[in-house]
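Q: Pasting a structure below so you can have a look.
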């Protein structure tokens, strides 16, 4: 059976585009604030759902850290999946 294809909405595209512009590792809330400059009516829930989708598709990386906030990285080319992350979400190769 074919995997169900997901339609890429404008919201979805803008979220990924804005995340990939950043050199930092924003939380979903921080990214939502950035995306709202272009899409003022987007909800935080929509941002979270799209970030989860991008993580499962391997487009971005969720940086789980010792802090309570998950951070996200859209520039995954230089990140090893065997990296350890600091509380600030920065990768430390192991």
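Q: Output the number of the condition that residue 37 fails; it satisfies all remaining conditions of (1) loosely packed, with under 15 Cβ neighbours inside 10 Å; (2) touching a helix residue (DSSP H, G or I) at 6+ places or on another chain (Cβ under 9 Å); (3) modelled with pLDDT under 95.
A: Every condition holds for residue 37 apart from (3).
Q: Okay, next question. Which of the residues that make up region 24-45 are closer than 16 Å to residue 70 by Cα and either over 12 Å from the mean Cα position of the chain (by Cα) or in a helix (DSSP H, G or I) (or both)?
A: Of everything in region 24-45, those that are closer than 16 Å to residue 70 by Cα and either over 12 Å from the mean Cα position of the chain (by Cα) or in a helix (DSSP H, G or I) (or both) turn out to be 28, 29, 30, 31, 32, 33, 44, 45.
Q: Looking only at region 53-66, count every residue that is out of contact with any helix residue (DSSP H, G or I) (no Cβ under 9 Å at 6 or more places or on another chain) and surrounded by 14 or more Cβ atoms within 10 Å (Cβ to Cβ) and tell me the total.
A: So the count comes out to 3.
The values are calculated or read from the model by the stated rules, or taken from the named source; none is laboratory data. None of the values given here were measured: they were computed from a predicted structure. Cβ: placed from backbone, ideal geometry, glycine included. Neighbour counts: every protein chain shown.
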